[in-house]
Structure formats: C-alpha cells, structure tokens
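To start, the structure under review is shown below, and the notes come after it.
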Amino acid sequence: MTSKAEMEPTGGPAPAFDWRLRVALSASKMGLWDWDLQTGAVTWSPETFAIVGLEDFDGGFDSFAKLVHPEDLPRVMEQVDRALREKNEYTDEFRITRPDGQERWLCNVGRPTLDEGGVPVRLSGTVQDVTERKQSEQVLKGYAQRLIALEEELRKEVSIELHDDIGQQLSALGFNLGYLRKNLPAGVDKNLVATLDDSRRLAKEINGAVRNLMVELHPLPLEEFGLAGAITDFAKQFSKRTGLALSLRLSPVLPRLPAQAELALFRITQEALNNVLKHAAATEVRISLDIKGALLHLSIRDDGQGFQPKGEHQQRAGTGWGLTIMRQRAALVGGSLRIETEPGAGTTICVEMGVAGR
C-alpha cells in the first residue's frame, strides 16, 4: 500500500522536493502523480492525497477510477488512451467524489515517458483542485444563459412589432401605390408614372428588407422546418443579400432537436456568417450539418484571410457577441465549439453536441 508520506515512482528514484516546491504545491492546491505502465503501480505526492481526501491508497489505477464521477469517467479514460496512443501531453477536467461525500473538480495534466523504442512506459503529471473556479464558471454560465434568454425575448418582441406595425403598413402602402398606378388617367406625365413605379419598387424592397430582418430576429422557419430548413432558408437570403457564395451539405435525416439546441446552433451559424462578411474577406463559405454516431457536427468554413488565435477568449474587433458568446451558446446546450484558423488559411467554426437516443 502506498501511504501519503510516500512519493517514489516504481523503478525510479524518489523526486527531490525542496521546501519551496512543497509550499508552491500546497498553495496552488496541486499534487503530483506517477503511473508505471509496466507494473501498473500508481504513486501520489502527499498533496494529491489531500486533494482526493484519502489517507491510504492501494496504488491501483482502478481504485483511482472509482473516485471519478461516473459521467466523467469515459472521457477521462479516453483522454488517457489518446495520450498514450498519440504520445502527447493532455489536459482534462473532471469531477471526483471524495470519501467524505464532497464533490470536487480536478484539473489533470499528464505526459507520457517513452523508452528508447518510443513506447510509453510511464504517465506522470499534476492534479489540481479547481473547484472554486468551476463554481465561478457555473455562476457566469447562469448569467450568460439569462442574458441570452433576454436577448431572444427582445428579438422576438421586436420581430412581432416589425410584423404588426411596419410590415403591415408597408403592405398597405404597396397596395395603395398599386391602386394609384392602375387608375392613373390617360395622358398623365411620364415622369409621374416613372416616379410612382419607382416608389412601388422601393416599398417592395423595404418590405423585403423588413422580412429579412424579422428572420434574423426571430427565425420562424426554425419552428416550422427545423434546423436544416432554417439554415437553408437563411443561407439563401444571406447569399442573395451579400453576394457571398454559400454551399450547403446538410443531412437529410437530421432529427428534430430540443428547441433551445436548434436555436443555439442557428444563432451560431448566423454569427459565424456575419463575422465572415465583416472580417474574413472571403469569397465562399461551406456549411455542413450531419450526425456521426451519437454526435451532431456543425461546421462553417470560409476561404478568407483567417487570423492568429490568441487563446480561448479570442475575439475579433467588432464581432458584437463575438466568439466567446458563440462558445457559451454551444456550452449551454451541452455542446462544444472550437476554431480552426491561421493567417491566410481561412477559418472553420466547429460545433459538436450529443444527440439524445443515439
């Protein structure tokens, strides 16, 4: 049995910890761990014992796995398998349930050690208690969810006002102008006829612009035709309005998703296209939407100038809600969003989310 006073990886010398390192580990709520892949022995530093709330540990990986929240365990195992398979460092965050019943969030960073033949023989790393940060993130997530809900309520109210007031008045104006044109007396001045025809054209264009704005604000096709139908309708209108070439590859067997999920994915598509128009200097955008296994995949790829990412919260100036809100929209419906870009190579927005029952 490996006690909390020990930290000697099997097959190697004990790490030399000076007091400064021990103080730093304790202050950061961080511990060390080591897994000997040849013997299966797992060893922890005293800080790791304190983090997981154990006094003793039998040194087996399975015993550690029992502490991990059942919902998180498959992802934890996949991260470990991928790190060993690809021989890369990995970072993962997951929940554990301590023996005293407390649920804590841990951030785990691991790196494989390879033998002379390039075969992983150890997996070592750090574990840190990040519960307070995750709790703060949950509070911020709640604020973001409320803010997005308020935005949707406002969009819907404005859309209704446009339809009931401006839309109907524009329709009436077009009808009146048509009536006048039809009943013009013979021999009327040609300039007057031309002006009246031009006014009818302008009224029709304004009415069309208002209808497009209504779709931007509150996508009725989403309720009637689902996500694929709404994206198709919006893409056609967007391409017609902007001249940007759009190609769509949407699954013909896409099931209806929860209303909140469909709305989030539609808004992400809207925001991505608007960002392309404002910042990418692109000539073509490709949108794909399909299901692979239990995951739904949405991607919006442009052939524009791309940009240099600066971390998770990167935003391009003038993007309004920006990429952070797009991530929040995905996260609030159980999805994840990532960005693939580099200068001169275009940008791809990728969203993945689980589909219930698949």
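See the values below:
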| item | result |
| --- | --- |
| For the range 115-268, size of Cβ-based charge dipole, Lys and Arg +1, Asp and Glu -1, in debye | 620 |
| Heavy atoms of Asp115 accessible to a 1.4 Å probe, total area in Å² rounded to 10 | 70 |
| The range 122-164 - convex hull of alpha carbons, volume per residue in Å³ | 71 |
| Residue (of Thr341, Tyr143, Asn275) at the positive-pole extreme of the chain, dipole from beta-carbon charges | Asn275 |
| Cα point-scatterer Debye curve for the range 81-146, base-10 log of I(q)/I(0) at q = 0.22 Å⁻¹ | -0.91 |
| Accessible surface of the chain [probe 1.4 Å, protein heavy atoms]: carbon and sulfur percent | 54 |
| Square roots of five times the Cα gyration tensor eigenvalues for the range 43-111, Å | 21, 14, 11 |
| Mean separation of Cα contacts under 8 Å (6+ apart) over length of the range 186-275, as relative contact order % | 27 |
| Total charge dipole magnitude, the chain, about the Cα centre, Cβ charges on Lys, Arg, Asp, Glu only, Debye to nearest 20 | 1520 |
| Length-normalised contact order of the range 265-310 in % [C-alpha pairs under 8 Å, at least 6 apart] | 37 |
| Packing rank of 282-288, 73-79, where each peptide gets the mean count of other beta carbons within 10 Å, highest leading | 282-288, 73-79 |
| Rg in Å to one decimal, and Dmax rounded to a whole Å, for the range 220-312 via C-alpha atoms | 13.6, 39 |
| Relative contact order of the chain, defined on C-alpha pairs under 8 angstrom at six or more residues apart (%) | 10 |
| Glu223/Cys350 FRET efficiency (R0 30 Å; Cβ-Cβ; nearest 0.05) | 0.70 |
| Positive-pole candidate from Asn191, Val215, Met77, dipole of the chain, charges at beta carbon | Asn191 |
| Count of lysine pairs in the range 74-219 with Cα separation under 27 Å (8 or more residues apart, or interchain) | 5 |
| Phi-based couplings in Hz for the range 104-119 (Karplus 6.51, -1.76, 1.60; Gly and Pro marked x) | 10, 9, 10, 10, 10, 10, x, 9, x, 9, 9, 7, 4, x, x, 9 |
| Among 29-35, 103-109, the order from most to least packed when residues are scored by Cβ within 10 Å on average | 29-35, 103-109 |
| Taking the convex hull of Cα positions in the chain, its mean projected area over all directions (nm²) | 25.1 |
| Amide H contacts of His69 (H built 1.01 Å from N, under 5 Å, at least 5 apart or other chain) | Arg95, Ile96, Thr97 |
| Angstrom value of the Kirkwood radius, inverse mean 1/r, which spans all Cα pairs in the range 88-235 | 22.1 |
| Computed magnitude of the charge dipole of the range 62-118 (debye, nearest 20; Cβ of K, R +1, Cβ of D, E -1) | 100 |
| Å² of accessible area per residue within the chain, as computed with a 1.4 Å probe and no ligands counted | 56 |
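The values are calculated or read from the model by the stated rules, or taken from the named source; none is laboratory data. Keep in mind that what you see is a predicted model, and the values were worked out from it rather than measured. So basically every Cβ, Gly included, is an ideal-geometry build from the backbone, and we count neighbours across all protein chains shown. SASA here: full protein model, heavy atoms, side chains in, ligands and nucleic acids out. Shrake-Rupley method; radii C 1.70, N 1.55, O 1.52, S 1.80 Å.
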